[in-house]
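What follows is a single structure, written as structure tokens, with notes after it.
We did not get these values from a lab; they are worked out from the coordinates using the rules stated. Fair warning: this is a prediction, and the values are worked out from it, not measured in the lab. Heads up, the Cβs are rebuilt from the backbone with ideal geometry, glycines too, and the neighbour counts pull from every protein chain shown.
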Amino acid sequence: MHHQDDPTLASPEPFDVIVLGGGPSGATAAHDLASRGYRVALLDREGRIKPCGGAIPPKLLREFNIPADVMVCKVRGARIVSPKNQVVGMPIEDGFVGMVDRADFDPWLRARAESAGARRFHGSFSHVERHPNSQGDLISLFYRSKVDQSLSVLRARYLIGADGAKSQLAQKEIERSNEGQYVFAYHEILEAPQGNAESGVKPAFYDPTRCDVFYDGSLSPDFYAWVFPHGKSLSIGTGSALKGFSQREAIEQLRKRTGLCRQALIRREGAPIPLKPLPRWDNGRDIVLAGDAAGVVAPASGEGIYYAMLGGRMAAQAVIECLEKGSPKSLAQARKRFMRLHGQVFWVLGLMQRYWYANDQRRERFVRICEDRDVQQLTWDAYMNKELVKAKPLAHARIFFKNLAHLSGLASV
Ligand SMILES: Cc1cc2nc3c(=O)[nH]c(=O)nc-3n(C[C@H](O)[C@H](O)[C@H](O)COP(=O)(O)OP(=O)(O)OC[C@H]3O[C@@H](n4cnc5c(N)ncnc54)[C@H](O)[C@@H]3O)c2cc1C
């Protein structure tokens with residue numbers, strides 16, 4: 001190979017950190033690192049909008065300094081629907097669910113990381129190599145240009161893998177990355193109904209300030225289906241791990257049921273949602289994973305944006321400690337700290353998903369439990385603030401025993 005053909009020699013500038021993937025997780029990690037003065041390369045393949053319902057908790061806006069105008073709308077409550085069409089309203093008394101459009105949210109996060117000093121690169125991850133040199137071990141990340149498939153390289157001391165579910169980097173470089181569990185989610189983005197649309201009357205079921213969630217085996221045999229408003233558009237979708245279940249047919253049914261079959265289709269798309277944190281997020285040497293790449297989405301709800309951003313922040317923090325101490329030992333702290341904060345909740349949500357989403361009889365009971373005001377308030381508090389409210393120990397105890405009674409079959413069906 002001639003020198004000028006060798007991409008390693010063509011790009012000698014080493015960074016402190018390369019962040020692979022510019023979704024919520026990677027863009028947050030890159031922003032945090034660049035804000036602290038580290039030399040960061042942010043690599044993303046760009047060009048594809050991440051399929052996502054776009055629901056975020058207010059805590060995310062506060063914790064990651066996101067201005068309110070980045071949201072497309074605020075949702076003031078949810079409605080959950082059982083297989084027998086039992087409909088339970090869950091108004092949010094003091095707060096909201098924010099909705100973002102990922103077509104704008106992700107580019108906004110990447111631009112913010114760039115303004116903080118991160119350098120952006122476009123291309124698809126190919127592989128990594130290691131080249132020890134006088135400055136210590138460096139990792140070289142090779143990526144391909146979308147335009148002409150040519151290979152380029154970035155070099156750094158550490159690499160954060162935030163390239164999403166079923167991360168290629170994790171598959172190549174991190175032990176036990178094949179132990180992930182996933183549901184596949186499919187959704188259609190439709191034009192939202194307008195009150196005065198020529199197409200006819202506004203569907204009675206649709207409310208642009210409400211999320212609708214359907215627990216119904218015919219719409220999802222093991223997860224749930226949804227209608228989420230996005231301002232001028234909406235997301236109607238479903239998730240399932242079951243091979244052979246036709247998600248497109250389920251959404252066709254749901255469009256009919258909700259009166260949304262005449263809304264124009266903007267796009268249809270799908271992607272896996274990880275439902276179990278991977279057992280290892282780092283290689284003990286120079287790589288740490290974050291967000292979907294690390295398997296971090298809340299079971300039962302499928303909520304991943306907040307956890308991806310937090311995971312990105314924790315990966316950045318761990319890498320900063322490594323750079324300061326000159327040792328990769330702190331890489332493992334990213335997973336430890338995350339699981340200390342959220343591991344128990346993920347575990348409980350996993351149990352709930354396995355139990356309540358197992359069949360229609362249980363789904364019917366689950367929706368009935370959600371009629372309870374205490375359940376509603378605790379659900380919203382837990383969602384919006386990501387911590388259980390300690391001020392209401394009695395309500396916790398009541399819900400705990402109600403749940404226990406249902407789980408053990410003591411409550412009447
Ligand atoms: C249909 C659906 C609905 C969802 N709804 C919600 C919801 O309402 N609320 C919620 O909180 N979560 C939701 N989620 C989950 C949420 O979308 C994810 O948890 C979140 O996007 C994870 O962020 P991330 O940055 O880790 O990964 P991603 O958002 O997947 O970002 C990964 C980035 O890496 C880049 N990349 C990937 N591979 C490569 C490569 N080889 N080379 C270069 N770049 C690469 C991609 O371009 C992308 O920008 C939903 C998921 C799905 C599929």
By the C-alpha gyration tensor axes a ≥ b ≥ c (rounded if a/c is under 1.5, else prolate when a/b exceeds b/c, else oblate), the shape of segment 43-92 is oblate
Per the helix-only model, the chain has a calculated mean residue ellipticity at 222 nm (DSSP H runs of ≥4, -39500 (n - 2.57) each, divided over all residues, rounded to the nearest 500) of -10500 deg cm²/dmol
In this structure, among 336/386; 50/329; 84/276; 74/386; 50/166, pairs with alpha-carbon gaps over 22 Å are 50/329; 84/276
Residue separation between residue 267 and residue 191 times 0.36 nm, minus their alpha-carbon distance, gives in nm 26.4 nm
Given a Förster distance of 60 Å, the FRET efficiency implied by the Cβ-Cβ spacing of residue 46 and residue 361, rounded to the nearest 0.05, works out to 0.85
In terms of the alpha carbon gyration tensor, root eigenvalues a ≥ b ≥ c, rounded if a/c is under 1.5 and otherwise prolate when a/b exceeds b/c or oblate, segment 1-125 is prolate
Karplus ³J(HN,Hα) for segment 337-343 (6.51 cos²θ - 1.76 cosθ + 1.60, θ = phi - 60°; Hz, whole; x = Gly/Pro) runs 5, 5, 5, 4, 6, 10, x
Row for segment 133-186, column shape: gyration tensor on C-alpha, a ≥ b ≥ c, rounded if a/c < 1.5 i.e. under 1.5, prolate if a/b over b/c, else oblate; value oblate
Quick calc, the chain, dipole around Cα centre from Cβ unit charges on Lys, Arg (+) and Asp, Glu (-), nearest 20 debye, gives 820
For the residue 249, residue 382 Cβ pair and Förster radius 25 Å, calculated FRET efficiency rounded to 0.05 is 0.15
Taking Cα atoms only, helix 247-257 is inclined relative to the longest principal axis of the chain by an angle, in degrees rounded to 10, of 40
Highest mean packing first, using Cβ neighbours within 10 angstrom, the peptides 20-31, 52-63 sort as 20-31, 52-63
For residue 297, other-chain or 5+-apart residues with amide H closer than 5 Å (H placed, Pro excluded) are 276
Per the rule of 0.36 nm per residue minus the C-alpha distance, extending residue 129 to residue 87 adds in nm 9.6 nm
Residue 70 and residue 147 label points (each 7 Å along its Cα→Cβ direction) are spaced in nm at 2.9
Between residue 120 and residues 5 or more places away or on another chain, the pairs with built amide H atoms under 5 Å apart involve 42
